[in-house]
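Some notes on the structure that comes next.
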């Protein structure tokens, strides 16, 4: 994955910004949340930055879906089974 920032739906508390940052850099999630809360409390810029990141960052799951697709075929795309025979398969 390219070196971009993202949010996460998994482990999110409010918008998933801190969960995405902790996952991206390998930080401990509770420590990231505490440091982010302290940055918001002591500077007005921290809260504004969090709101902007929550609005503009994409979700990690959406980025992975775009990169790898949705996975194997869906059931509706499967071949139709011929069920005209009421006997055994062999």
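The values are calculated or read from the model by the stated rules, or taken from the named source; none is laboratory data. Keep in mind the model is a prediction, meaning the values are calculated, not measured. So basically every Cβ, Gly included, is an ideal-geometry build from the backbone, and we count neighbours across all protein chains shown.
Looking at 53, 38, 13, 21, just one residue is without any contact (Cβ under 8 Å) to a residue 60 or more places away in the chain, loosely packed, with under 14 Cβ neighbours inside 10 Å, assigned to a helix (DSSP H, G or I) and touching a helix residue (DSSP H, G or I) at 6+ places or on another chain (Cβ under 9 Å), and that residue is 38. For residue 67, only one of the following conditions fails: (1) outside any loop (DSSP other than H, G, I, E, B); (2) modelled with pLDDT of 85 or more. What is its number? Only one criterion is unmet by residue 67, namely (2).
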